[in-house]
């Protein structure tokens, strides 16, 4: 009987933990911070959000990216936009597509506070699938600073991982911070928006949380 009760408690715990996580996540995702940013009319700059259905990236026109952030980033002259994403190193490298997802990789990413990478992708032109975000010059500066601080540096240089990109137009770089279920790729984007004074979620691990704020 004692064994049965222990098994039951373990099962209830296994159900309670994800239920509590997602309930809290949905609640905090619905709370909007920096609401007053919508009242500001002098928004002369534009950045973009893109998603693959799960993972958010921040996309900025190359002309609006300062030299300090562009430094050491592989780029070609005809590329006009650069996207920045942050995520778990093992997940990025070993899960190039969702078909490559394994339980082990997912568990390590969510619970082991693993090392992280910056994923940088270059584009020749704007995509109609991107979500437009209008912002002030000072907000753009703060967002660029936030992205720059996310790169891990060695002697003031970004650390590229050779031959690890998915395509000829993207690269991975070492990043600061640890990935977990509390600090996901989408949380990283949301924190950047919050710290820049842009409308954002109180906290979210989801891509749709921030996207919904700009519909």
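Shape verdict for the range 31-212, please, from the Cα gyration tensor: rounded (a/c under 1.5), prolate (a/b greater than b/c) or oblate.
Judged from the Cα gyration tensor, the range 31-212 comes out oblate (a/c at least 1.5, b/c at or above a/b).
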So residue 39 and residue 138, fully extended at 0.36 nm per residue minus their Cα-Cα distance, gain in nm 34.1 nm
With label points set 7 Å from each Cα along the Cα-to-Cβ direction at residue 22 and residue 208, the distance between them in nm comes to 1.1
At R0 = 30 Å the Cβ-Cβ FRET efficiency linking residue 93 and residue 46, nearest 0.05, sits at 0.40
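Rule-based calculations on the coordinates, nothing more; no lab input. A quick note: this is a predicted structure, and the numbers were derived from the prediction, not measured. Virtual Cβ from ideal backbone geometry, glycine too; neighbours counted across all protein chains shown.
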